1. Can you tell me how many residues in the stretch 72-84 are more than 16 Å from L10 (Cβ to Cβ) and away from ligand 2 (no atom under 16 Å from the Cβ)?
2. Looking at (1) open to solvent by 30 Å² or more (accessible area, probe 1.4 Å); (2) modelled with pLDDT of 95 or more, which is the one condition that is false for Q238?
3. Only one of these conditions is not met by V208: (1) among the β-branched types (V, I, T); (2) closer than 28 Å to D75 by Cα; (3) out of contact with any Leu (no Cβ under 6 Å at 6 or more places or on another chain); (4) more than 16 Å from ligand 1 (Cβ to nearest atom). Which number is it?
4. Which members of the stretch 165-196 meet the condition of being on the phi > 0 side of the Ramachandran plot and within 16 Å of ligand 1 (Cβ to nearest atom)?
5. Could you tell me whether the stretch 71-79 includes any residue that is more than 12 Å from ligand 1 (Cβ to nearest atom), assigned to a loop (DSSP other than H, G, I, E, B) and under 17 Å from A159 (Cβ atoms)?
6. Out of everything in the stretch 72-84 that is touching a strand residue (DSSP E or B) at 6+ places or on another chain (Cβ under 6 Å) and not aliphatic (A, V, I, L, M), what residue ends up being most open to solvent (accessible area, probe 1.4 Å)?
Amino acid sequence: MNALLQVRHLGKSFGGVKAVDGISFDLAPGELLALIGPNGAGKSTTFNMVNGQLHPDQGSITLQGQALIGRPPRDIWRMGVGRTFQIAQTFASLTVLENVQMALLSHDRKLWSMWRRAAAHRRDDALALLDQVGMKAQANRPCNVLAYGDVKRVELAMALANDPKLLLMDEPTAGMAPQERHDLMALTQELVVQRGTAVLFTEHSMDVVFAYADRVIVLARGRLIAQGKPADIRRDPQVQEVYLGTGKTFERTSP
Ligand code: ADP
Ligand code: MG
C-alpha cells in the first residue's frame, strides 16, 4: 500500500490499563478507514496519539514518512492532520461564515488579534467551503441558532479549511438521528473523494460503517483483532463475538 499514515506497534497505558496495546495499521491517501470497537477499546486514545495530544509509551507514527511522535499538536495540524472541533464551546455566537473565516485565518497563520481587521478575510473561499457543505444559504446566521446536523456541517467545513491530508473524526455523528448520520457521512465521503483526503473515523452505527468505510479496523481491549473490507469484517466470527451483547447494531446489519 502507498501509505499516507503508518502506525507501528503503538502502545499507551494508563496506570495498569493497556488502553492501546501494540497496534499497527496503514492508511492510504483518499481512503476512508473506520476504527471500530466496543466502548473502552482504545479508539479515542489512538486518535489522540495521532493528533499529538497524547504521548505514546511505545511505537511509531509517520505521515508521509515524517515522524509525528514528539511534535506538538499544532505542528501535526500544520503538517496536514486535521480534525473536527466542536464549535459549541468557543465560537457559537459568531456567524457560520465568521467561523469558517476564522478557520482559514488560522490556516493562513494570521494572528488572532488581526481578526477585528480581517472580517473580509478570504470571504469568498469561506463561502465556497460553505457551499460545499450545503451551508452557504445560512452563512450569516449565528452558529448557536443552527440545527445540530447543520453545526456538524460547519465543523466539517472548518476542518477542511486547513486542507488536511488526513482528517480525524472521533464519533462525528454522536447525538445524531440515523438519517442525519447517513447525510453527514455521505457528505464527508463526497468531499474527501473530491479532495483525495484520507479519513480515519469512529462510528457506533454499523450500518454507517458498512455503508461508507473503504476498510475497517477493529479494536478490542487495546488490541487490533481484525482489519479488512467491510464485507469481510461483517463475517468475521471474532468481531461478531466482541460485539455480541454490547447492544450495538452489528448483528442486525444485513448485506
Ligand atoms: P474508546 O474511545 O474506544 O471508547 P478510550 O481510548 O477512550 O476508548 O479508552 C481506552 C481505555 O483507556 C479505557 O479503559 C479508558 O478507561 C482508559 N482511558 C482513556 N483515557 C484515559 C485517561 N486519560 N486516564 C486514564 N484512563 C484512560
Ligand atoms: Mg472514544
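1. First pass over the stretch 72-84, keeping only residues more than 16 Å from L10 (Cβ to Cβ): 72-75, 77-80, 82-84.
Now restrict to residues that are away from ligand 2 (no atom under 16 Å from the Cβ): 72-75, 77-80, 82.
The number of residues fulfilling the criteria is 9.
2. (2)
3. With (1) among the β-branched types (V, I, T); (2) closer than 28 Å to D75 by Cα; (3) out of contact with any Leu (no Cβ under 6 Å at 6 or more places or on another chain); (4) more than 16 Å from ligand 1 (Cβ to nearest atom) applied to V208, the lone miss is (2).
4. Start the filter on the stretch 165-196 by keeping residues that are on the phi > 0 side of the Ramachandran plot, which leaves 171, 175, 196.
Matches in the stretch 165-196: E171, G175.
5. Initially, the stretch 71-79 is screened for residues more than 12 Å from ligand 1 (Cβ to nearest atom), giving 71-79.
The next check asks that each one be assigned to a loop (DSSP other than H, G, I, E, B); those that pass are 71-72, 79.
From what's left, under 17 Å from A159 (Cβ atoms): 79.
Checked the stretch 71-79: at least one residue is more than 12 Å from ligand 1 (Cβ to nearest atom), assigned to a loop (DSSP other than H, G, I, E, B) and under 17 Å from A159 (Cβ atoms).
6. R83
Residue-by-condition table, conditions (1) aliphatic (A, V, I, L, M); (2) part of a strand (DSSP E or B); (3) within 13 Å of ligand 2 (Cβ to nearest atom):
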| position | (1), (2), (3) |
| --- | --- |
| F25 | no, yes, no |
| G30 | no, no, no |
| S44 | no, no, yes |
| H55 | no, no, no |
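Yes or no, residue by residue, for (1) assigned to a helix (DSSP H, G or I); (2) open to solvent by less than 20 Å² (accessible area, probe 1.4 Å):
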| position | (1), (2) |
| --- | --- |
| G149 | yes, yes |
| V154 | yes, yes |
| A157 | yes, yes |
| L168 | no, yes |
| E171 | no, no |
| Q179 | yes, no |
| M185 | yes, yes |
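The values are calculated or read from the model by the stated rules, or taken from the named source; none is laboratory data. All values derive from a computational prediction rather than experimental measurement. FYI the Cβ positions are ideal-geometry reconstructions off the backbone, even for glycines, and counts take in every protein chain you see. The area values use the complete protein model at the heavy-atom level, side chains included, leaving out ligands, DNA and RNA. Shrake-Rupley method; radii C 1.70, N 1.55, O 1.52, S 1.80 Å.
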